[in-house]
Amino acid sequence: MFSCCTFGLALFFISIPIWGPVVVGGSVIYPELISTIPFGVHVGVALPATGAGLDIAQTAVNSRFAEDLNLTVSLVYNKNDTICDDSDEAAAGLAAEYYQTRSFNRCAAFTNSGCGGLITMPFLARELDLLLFAINIVPGNVYNPFVAPTSIGMAGSMDDAGGAVLDLLLYFKWFHVTIISAFSNGVEVYDFFYYTIQALLGHRPDRYGALQIERTQFDPADEESQIKALRLASDRSRVFFMFTGTAKVIEILRLMKKIGLFVPGSYVFIVMQATQQNVYGPPSLLNLPKKDDEDLFRSVIFLHTVSPAGQDLSVWNLQYAQRSMALYGSSTEKGIDPLDLPSNRATFNTVYLFSTLVREAKAADPAGTLTDAQLCSASRLKSLMVNRTFQFPSGSFYIDPHGLGHTDLVLLMSNHETGLHERVGRYDSVQQIFVWNANDTLKWVGNGPPLDEPACGYSGFEGICKDQARATLTTAVAAAVAAVAVIVLIIGVIFIRREKSQQQFWNRPWIANLEDMEPLATPEGKLSFILPEKSSSSIENGGHWMYRGRDVWVVKVKLSPKTQFTDPRIVVLGDMMHGCYNNNIEKFLGLIAIPNTPSLFILEAFGERGSLRDLLNEGIISREFQKSFVQDLIQGLHYIHTSKFRKHGKLSSLCCIIDKHFVVKISKLGHEQLMELNAPNRTEPLAFEFSIWNAPEQQTGRSMPDAKSDIYALGVILFEVFTNNSLLEMLSRQNESPLVKWFESVLTHGQTSTLILNCCNEDPLERPTIHTVQKDIFTELQIRAQDNLMSRTLARLAAHAHDLEAKVGERTRDLVEQRRLCDLLLEEMLPRLIVERLRANLDVTPRMFDSVTVYFSDIDGFGDFALVNSPYDVISFLNQVYSTLDVLIAKFDVYKVETINDSYVVVSGIPIPNGQKHAAAVAFMSLAFMKAYSESDFRRQTRLRAGMHSGPIAAGVVGQRSPRYCLFGDTMNTASRMESHGEPGRIHVSPRTAELLQDEPDLRLTPRGVVNIKGKGQIETFWLATD
């Protein structure tokens, strides 16, 4: 049964309750499993897998444990997450809001959908002392007993997967490995896997010390970036590791084949197949989409998480598939069963594990001294799961003494005969060893696994091939001499080659076409002091343009009349600029050469947020932004100084461009080299060189721009960042001598100001290198190379969220206490089950009960007592009577309906039916009433008269204001007649009730005889003996 509603501004949830039977004389616990789900991808990813898995598992455990457990599952939609963001804090916030307003002080636990909230949910679970079952493969630096003691990864951990990769490398003696992944913000899944690999290498030098693992990254949308990454990886290893889906593996392998790098049998790709198949690529791609890819995939090894096989899963897989299709219209890939996917299996196992732990915790508290919240606290439940192996319908799952879940991994290799990948071995994550299939032999391309280092080295001209290379060089020289002789003799060939060279120049990928340019006005409000260029209808003025639908910035560079467009130096420089790939270097998009015009037009990516100088002019920037900008600037300049460029030459805060992600990128790389082509021996300062960023030797014309002058410019930019001085103020101090005397002695804490002053030293030889600057300033500002603005911001947000959670928790506790008092009052007016249904916004429809027992009693002599006593005495007397009976009624399975004047009405068998035991419950209660009343000191001359009758009755809630749970039917009238026709101090029983009590050995009935009952005629009734 599903019900939907909205909650708050951003919370949307579906509650999936399944009500089980209630055990008479026992107790049923109602645990709740709360799951977060990204809203924007719930149809494609999260909901079909999570919803169907939770639904069938919930049905199974409620059926299996019906005698003492009734599990409810609630799905909480996160409207803020539309991309499966594992670092999204909204998931944790919404889960906390749901728990505090809907499930506080109840037996509850968290889980996630395998998509979103992976990093933030553990901190919430730890704060609330609730278990979190993560169905992803989890990073060990978060999911461990110290950071997240109340969380457990149900699909295994990255530590296990990382250990499998490293042990696989050691098994085949592959010591040089390159990890290939896309550029990221540092908090993607493959980033955490890379951090895990590095941590294992650092923590286990005795085991993995021989391994040399490096990482190279690429732009997934840029083929040139991918080619560069592949060439860089091939220069240092033949074993590549990728944590991505099969689709990207196919793309990379085809690209290697296209550029001539791939040699069958020399390379091996190790691919960690992701647990979310429908995100990273369907598993059917393992069946090789094209025949041409068979030789490529023979070099691919897949590692895939898996649990040992459990019982026959055909029934469960069929139910899973049918439920997913019925509820969400979703199905798995053809040939893939739902429980084959680790995330689906983890979702299924989570429900079983939580239910098992709750039942064991309940059994450990037979006296019932603990509340539901105390019973299901994470500390209590986790103590029950450690160092145990749990058997689920989908297989076994081991949790070690530290509370970490472990799953095994399987190794898939190509079967050359079928063309498919098949299982050849399994990695035991607990023993940390590979177990190979006894009947399978590993099939390689060639005589065995690829060598760690080829016989001829990675370049192909080392080792045994060195002499061969020398011979090849001699042959090449001879051939070249012969070719020159032929060229000299055949003059016509020279002209043909010139034409071909011209054609090749215009066909280069970085030669842009003027027809692809579209003008675009420059946004108002941007400042430009040194370069007063503006966009116009003519490209001669440069500025902001559109190139093939992309925003670009055009810079004009004048050439000397003697310099031709096809000058080899320009071609080499263009190739260098086009091949420059770094996250902190502005991308060079192309060059436009217009015939009969002595100018070149350079196209670079457009910075959406302007230059660093523009941002500083807008106001003071925060400390985190300062650290991020300094890190980006130094990393970009380090790349330039270690590349073939060796220098920038025009470095300033005006050419430090900020993109939409607030990443600083250095622009105008290569512009200085183009100017040097025009005037290689110039001694006079150029127009740009009067600026404050130019070193003293440049301003006086003593030296050309070099790496040392870049360091000087870097010092000035750092001064701008940390002091936020305006450009006009800095220009006004430009002529002071020495130049650095206007740098305040203390710019910031520590040695940062000293480092800036050293960078701006008038003697170039005294300035530090970029390596020294990077080391010192990263140490002083506590910057890590893998950090970025996003990771720092997330850390601060997490701390802020923690403070807010503490304040919200305090206010919530006050609210819950007031709500508890209100609930107690409400439960005094209505049955608890009815209150629970009303609180859950469920309908409370009137219901017919086939067999119940109704009890009526009044006080004989009450009328005379009321006439001779004051109203206060009357009220005091009734209060003593009803208080005494109210205390007794709590000991029996009965429900107090109402009190009218001196009448007291009780019923048994509603709202929770109790079979045929309602008559005995009311009989024993009646005896207790008679005994207590007769022995009381307040009864005076009055006596209690009671009657009871059994039969069908209708019950329901009546009224909107001050609602009451009312009973209707002839049974009520007959019970009232039994009381009114009875005698003081005796219990009058109808024939139907007497029939139900005849098998009770502790009760004795005596016939009264036939009595004329008003409205009923002659009825034979009975007395219930009170002795």
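FYI, it's all coordinate maths here, none of it is from the lab. Treat the numbers as computed from the prediction; the structure is a model and nothing was measured. Positions of Cβ are backbone-derived with ideal geometry, glycine not excepted, and every protein chain shown enters the neighbour counts.
Identify all aspartates and glutamates with a Cα-Cα distance to residue 1016 below 16 Å; exclude those on the same chain that are fewer than 8 residues away in sequence.
The reachable aspartates and glutamates, counting only those whose Cα sits under 16 Å from residue 1016, are 970, 979.
Give a residue-ordered list of calculated ³J(HN,Hα) values for segment 882-892 (Karplus: 6.51 cos²θ - 1.76 cosθ + 1.60, θ = phi - 60°; whole Hz; x for Gly, Pro).
5, 5, 5, 5, 5, 5, 5, 5, 5, 8, 10
Residue separation times 0.36 nm, minus the C-alpha to C-alpha distance between residue 564 and residue 258: what's the value?
Details: separation 306, 0.36 × 306 = 110.16 nm, distance 3.33 nm.
In short, 106.8 nm is gained.
Residue by residue, what Karplus-based ³J(HN,Hα) values in Hz, rounded to whole numbers, does segment 209-216 have, using 6.51, -1.76 and 1.60 with θ = phi - 60° and x for Gly and Pro?
x, 7, 7, 10, 10, 10, 10, 10
For the residues 671, 949, what sequence is obtained by ranking on other C-beta atoms within 10 Å, fewest first?
Going from sparsest to densest Cβ surroundings: 671, 949.
Nothing charged except the Cβ atoms of Lys and Arg (+1) and of Asp and Glu (-1): what's the magnitude of the dipole of segment 830-1024 about its Cα centre? Round to the nearest 20 debye.
280
If the limit is 25 Å between Cα atoms, which of 556/647; 562/668; 627/650; 258/665; 558/650; 248/775 go over it? Could the numbers behind the result be given before it?
Details: 556/647 20 Å; 562/668 23 Å; 627/650 23 Å; 258/665 31 Å; 558/650 16 Å; 248/775 36 Å.
Over 25 Å Cα-Cα: 258/665; 248/775.
Specify whether the C-alpha gyration tensor of segment 830-1024 places it in the rounded, prolate or oblate class, a ≥ b ≥ c being the square roots of the eigenvalues: rounded for a/c under 1.5, otherwise prolate if a/b is larger than b/c and oblate if not.
Note, shape of segment 830-1024 comes out oblate.
Taking the Cβ-Cβ separation of residue 660 and residue 781 as r and a Förster radius of 25 Å, what is the calculated FRET efficiency to the nearest 0.05? Write down the numbers at each step before the final one.
Working: r = 24 Å, r/R0 = 0.98.
Using R0 = 25 Å, I get an efficiency of 0.55.
Within segment 988-1027, report the trypsin sites (Lys or Arg not before Pro) that DSSP leaves as loop and that have at most 10 other Cβ atoms within 10 Å.
Hits after loop and neighbour filter: 1014.
Please tell me the relative contact order of segment 830-1024 in percent, rounded to the nearest whole number, where contacts are Cα pairs under 8 Å and at least six residues apart.
Once normalised by length, the contact order is 24 percent.
Amide H of residue 69 versus every other amide H placed in the peptide plane: which residues, excluding those fewer than 5 positions away on the same chain, fall under 5 Å?
29
Once phi is turned into θ = phi - 60°, what whole-Hz ³J(HN,Hα) does the Karplus curve with 6.51, -1.76 and 1.60 give for every residue of segment 124-133, x standing for Gly and Pro?
Karplus-based 3J(HN,Hα) across segment 124-133 equals 5, 4, 5, 5, 8, 6, 10, 6, 10, 9 Hz.
Could you give the size of the charge dipole of segment 932-1016 about its Cα centre, using +1 on the Cβ of each K and R and -1 on the Cβ of each D and E, expressed in debye and rounded to the nearest 20?
480
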